[in-house]
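Reviewing the structure listed below.
The values are calculated or read from the model by the stated rules, or taken from the named source; none is laboratory data. No experiment lies behind these values; they were computed from the predicted model shown. Reconstructed Cβ throughout: ideal geometry from the backbone, glycine too, with neighbour counts over all protein chains shown.
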Amino acid sequence: MSFTSPFPDVDIPNVSLYDFLFGGLTDADRARTALIDGGSGASVTYGELDAQVLGVAGALAARGLGVGDVVGLHSPNVPAFASVFHGILRSGATATTINALYTAEDIAKQLADSHAKALFTVSPLLPQAKAAAAQAGIPDELVVVLDGAEGHPSLRDLLVEGNSAPDVSFDPATHVAVLPYSSGTTGRPKGVMLSHRNLVANVCQIVPRMGITADDRLLCVLPFFHIYGMTVLLDAALYQRASLVTMPKFDLPEFLGNVAEKKCTYVFIAPPVAVALAKHPLVDQYDMSSVHTVFSGAAPLDHELGMAVAKRLGCNVRQGYGMSEMSPVSHAIPFDDDETRLDSCGPTVANMECKLVDPGTGEEVEYLAEGSTEVSAPGELWCKGPNVMLGYLGNEQATADTLDSDGYLHTGDIATVDGKGVVTIVDRLKELIKYKGYQVPPAELEALLLTHPQIADAAVIGVQDEDGEEVPKAFVVKQAGAEELTADDVIAFVAERVSPHKKVRRVEFIDIVPKSAAGKILRKDLRTAESAS
Ligand code: AYL
């Protein structure tokens, strides 16, 4: 048994992402605005973007980089992100996109794990990028600083070389286009191998549901380095010939100012921004009337909160669900569906099959008769489709633990489904924590906490703060004689060593970390104790 998308299958062309997005550009498309820098207002047309993509591909080929090589891309949202990202893919190389908030240590790990041979960054992030590149053995001439910096080539330097893009050939179904990092259901971040076909498929699957058109102006503050920004914003919107307004970081007045000034029509957020849109007094000072849809994804959205945003802005609110490992979207409330509750994730996108499996028994739950408004029992959501990853780079064990022999990806999320096929995420089985939509792998924080001389043992889980947002909480066992260790000490120790989204925000001292006979942390016990307190 399984349940499928209520929508008919869509055709997925067997082409590279470049051919899919840029192959059909008409003269009229070329004259359209592709990206607008939210800060300076500078813009590039589709024709200019395509020329830059080909120029970057040519520059990489001139340096001997192409099929089989990995190139790091470490940049906040700026228009040049699109040129470099698609340039890397057009050269035949694989792009590993790196979180702009990462520390030098985090960047170095990703560069080493992915065997990246070159790195693109921006001048404000150069100190950490340079340190990481040095650790990974990438020479300065292969650390390209988009906006320029002493001792490094700039994007402009690459483009003025005038190299033409190479002829490359590969199988879109098996050639890895991107390697975003995700911790999946357990452990540390792993390279998610997404093929050209995975990315093309997900655009084909979501475009009919999302209603992005060439008349749309998208507000793009969600990072392009994360799969949400990469597929839903960058690729789906470029495919539809819409215009993207880029913002390098979230700042409420700038966000509202960009919507008002640039007349954005489609706004993409993670749930914490919904809180500001629903409640912050500043929102009333800006003209938000251009917005027809606010789309939320990456973490659970509350129904009342979503409704409050819809009412205040006079727009539609929609929610999508997915995972980096699914390129990412498997579920979305369609743009033309006003009925579905906003705390559900809508039906499965086309070309996918899903199961809900009771984690205790391993049996599928009973699905309801078509049209029933009841919901099924909860079960772990398993998904299969052309957007499901090839596997984790160099990690057969993690791949085998996540992708079963029937091709189903075990998401580690607990969901229900109703008689219309609408899926609601109700809990998380896996250890992953989401802070503002960003992944926080507890295993990483636990390992770091154990390096503290006064800490004997530690476990980290996600808990809800006053606003209902998930935050990382550490349960800490002190070393004998370390009575003076305080929660603030622990918080500060972590904060000095990790990027801001991974900070531990709550600490509780305990006597012993609950563990299974095999030594696995019993996070469930910690969570149960937490929700009872
Ligand atoms: P990753 N509701 C609840 N949990 C969610 C949701 C949601 N709407 N979306 C993502 N998650 C959690 O790889 C869930 O635990 O990708 C899931 O396994 O960083 C995990 O986040 C995956 O985290 C969109 C827009 C999907 C965005 C995305 C998110 C991709 C996040 C569909 O339309």
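Only residues that are modelled with pLDDT under 95 and more than 9 Å from the ligand (Cβ to nearest atom) were counted in the range 432-442, giving 1.
The single condition among (1) surrounded by fewer than 22 Cβ atoms within 10 Å (Cβ to Cβ); (2) assigned to a loop (DSSP other than H, G, I, E, B); (3) modelled with pLDDT of 95 or more; (4) of a type outside the set (Gly, Ala, Ser) that Lys109 does not meet is (2).
When the residues of the range 421-447 are filtered to those that are in a strand (DSSP E or B) and among the basic types (Lys, Arg), the one that is nearest to the chain's Cα centre (by Cα) is Lys434.
Evaluating Val426 against the criteria (1) over 25 Å from Ala274 (Cα atoms); (2) surrounded by fewer than 17 Cβ atoms within 10 Å (Cβ to Cβ); (3) within 15 Å of the ligand (Cβ to nearest atom) leaves one unmet condition, (1).
In the range 318-356, of all residues being assigned to a loop (DSSP other than H, G, I, E, B) and of a type in the set (Val, Ile, Thr), the one that is farthest from the ligand (Cβ to nearest atom) corresponds to Thr340. Determine which member of the set Val283, Val221 is among the hydrophobic types (A, V, I, L, M, F, W, C) and within 16 Å of the ligand (Cβ to nearest atom). Only one candidate passes the filter, namely Val221. Out of all the residues in the range 286-306, which are within 16 Å of the ligand (Cβ to nearest atom) and among the hydrophobic types (A, V, I, L, M, F, W, C)? Residues satisfying the conditions are Val294, Phe295, Ala298, Ala299, Leu301, Leu305.
Quick grid of which residues meet (1) of a type in the set (Lys, Arg); (2) surrounded by fewer than 10 Cβ atoms within 10 Å (Cβ to Cβ); (3) farther than 21 Å from Pro453 by Cβ:
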{"residue": "Ala480", "(1), (2), (3)": "no, yes, no"}
{"residue": "Thr486", "(1), (2), (3)": "no, no, no"}
{"residue": "Ser499", "(1), (2), (3)": "no, no, yes"}
{"residue": "Val504", "(1), (2), (3)": "no, no, no"}
{"residue": "Asp511", "(1), (2), (3)": "no, yes, no"}
{"residue": "Gly519", "(1), (2), (3)": "no, yes, yes"}
{"residue": "Arg523", "(1), (2), (3)": "yes, no, yes"}
{"residue": "Ala529", "(1), (2), (3)": "no, no, yes"}
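Here is a yes/no grid of residues against (1) surrounded by fewer than 20 Cβ atoms within 10 Å (Cβ to Cβ); (2) aromatic (Phe, Trp, Tyr); (3) modelled with pLDDT under 95; (4) not in a helix (DSSP H, G or I):
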residue	(1), (2), (3), (4)
Val10	yes, no, no, yes
Pro13	yes, no, no, yes
Ala28	yes, no, no, no
Glu48	yes, no, no, no
Gln52	no, no, no, no
Leu65	no, no, no, yes
His86	no, no, no, no
Gly92	no, no, no, yes
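Of the residues that make up the range 398-414, is at least one more than 12 Å from the ligand (Cβ to nearest atom), over 30 Å from Glu374 (Cα atoms), within 27 Å of the chain's Cα centre (by Cα) and of a type in the set (S, T, N, Q)? Yes, some residue in the range 398-414 is more than 12 Å from the ligand (Cβ to nearest atom), over 30 Å from Glu374 (Cα atoms), within 27 Å of the chain's Cα centre (by Cα) and of a type in the set (S, T, N, Q). Of Tyr239, Tyr181, all but one fail to be of a type in the set (Phe, Trp, Tyr), touching a strand residue (DSSP E or B) at 6+ places or on another chain (Cβ under 7 Å) and at pLDDT 95 or above; the exception is Tyr181.
Here's a check for you: in the range 166-192, which residue that is away from the ligand (no atom under 16 Å from the Cβ) and either touching a Phe, Trp or Tyr at 6+ places or on another chain (Cβ under 9 Å) or among the charged types (D, E, K, R) (or both) is farthest from Tyr228 (Cα to Cα)? Give the derivation first.
Keep residues of the range 166-192 that are away from the ligand (no atom under 16 Å from the Cβ), which gives 166-177.
Narrowing further to those that are either touching a Phe, Trp or Tyr at 6+ places or on another chain (Cβ under 9 Å) or among the charged types (D, E, K, R) (or both): 167, 171-172.
Values: Asp167: 30, Asp171: 24, Pro172: 21 Å.
Ranking the qualifying residues of the range 166-192, first place goes to Asp167.
Taken over the range 143-186, the criterion of being within 22 Å of the chain's Cα centre (by Cα) and surrounded by fewer than 18 Cβ atoms within 10 Å (Cβ to Cβ) is satisfied by Ala173, Thr174, Thr186.
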